[in-house]
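Undergrad: What follows is a structure written as structure tokens; I'll ask about it next.
Each reported figure results from applying straightforward, stated rules to the coordinates on display, with no laboratory input. What you are looking at is a predicted structure, and each value in this text was computed from that prediction instead of being measured. Here the Cβ positions follow ideal geometry from the backbone for every residue, glycine too, while neighbour counts run over all protein chains shown.
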Amino acid sequence: MKKTIWLVDDDEEMLRAVNLMLQMLDFETRFFLRARPAAKALLAGGKPDVLLLDINMPEVSGLDMLEFVRLRTELNNLPVIMLSTEAADVTVDKAMSLGADGYVTKPVMIDELGAEISQAMKKRSA
């Protein structure tokens, strides 16, 4: 059975590109243009194998969504990888301190994405 990855990014073009990469990596995908619908889907019992979050989104940022996930006991083992155009150490450090399992800078490269997903899944399953 294929693993499922949820992608949350407000940039539709980026969503399509990353979604295609995930399909090429043999993952099932579900995507959201905003964090709130993704949070509602998680609260309703949906649980992906990995969650990919853009950091810079309107209304609710990816970092806020990451905090939400890490504060919920039932989601504590969910691997979360951040996606961002920001490569500054302070941003990466903030994401990692909030519990991110990986960090991929845009533009996303398929090999890096696959490696981060694999590593995050191993980390949370240990």
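Undergrad: With each label point set 7 Å from Cα along the Cα-Cβ vector, what nm distance links residue 64 and residue 4?
TA: Placing both labels 7 Å along Cα→Cβ, they lie 2.6 nm apart.
Undergrad: Moving to a separate point now. Between 90, 18, 50, where does the largest GNM mean-square fluctuation fall for the chain, given springs only between Cα atoms within less than 10 Å?
TA: Highest fluctuation of the listed residues: 90.
Undergrad: In debye, nearest 20: dipole of the chain around its Cα centre with unit charges on the Cβ of K, R (+) and D, E (-)?
TA: For this selection, approximately 600 debye.
Undergrad: Could you give the spread of the C-alpha atoms of region 25-67 along their three principal axes, from largest to smallest, in whole angstroms?
TA: 30, 24, 17
Undergrad: Here is a follow-up. Can you spot the aspartates and glutamates whose alpha carbon is less than 14 Å from residue 123's alpha carbon? Ignore those fewer than 8 places along the same chain.
TA: Those aspartates and glutamates meeting the cut-off are 49, 101.
Undergrad: Over region 4-125, one equal point on each Cα, no solvent: what is log10 I(q)/I(0) by the Debye formula at q = 0.11, 0.17 Å⁻¹?
TA: -0.30, -0.77
Undergrad: What net charge do the residues around residue 12 carry, taking every other residue with its C-beta under 12 Å from that of residue 12, with Lys and Arg at +1 and Asp and Glu at -1?
TA: -3
Undergrad: Once fully extended, how much extra length lies between residue 109 and residue 56, figured as 0.36 nm per residue of separation less the alpha-carbon to alpha-carbon distance?
TA: Using 0.36 nm per residue and subtracting the Cα-Cα distance, I get 17.2 nm.
Undergrad: For region 1-49, give the magnitude of the charge dipole about the Cα centre (Cβ charges: +1 Lys/Arg, -1 Asp/Glu; no others), in debye to the nearest 20.
TA: Result for region 1-49 is approximately 320 debye, rounded to the nearest 20.
Undergrad: How far apart, in nm, are two points set 7 Å out from the Cα along the Cα-to-Cβ line at residue 11 and at residue 44?
TA: Taking the simple label geometry, residue 11 and residue 44 are separated by 2.8 nm.
Undergrad: As a test of the formula, what do you get for the chain when each DSSP H run with n ≥ 4 contributes -39,500 (n - 2.57) and the sum is divided by the residue count, at 222 nm and rounded to the nearest 500 deg cm²/dmol?
TA: -14000 deg cm²/dmol, from helical runs alone.
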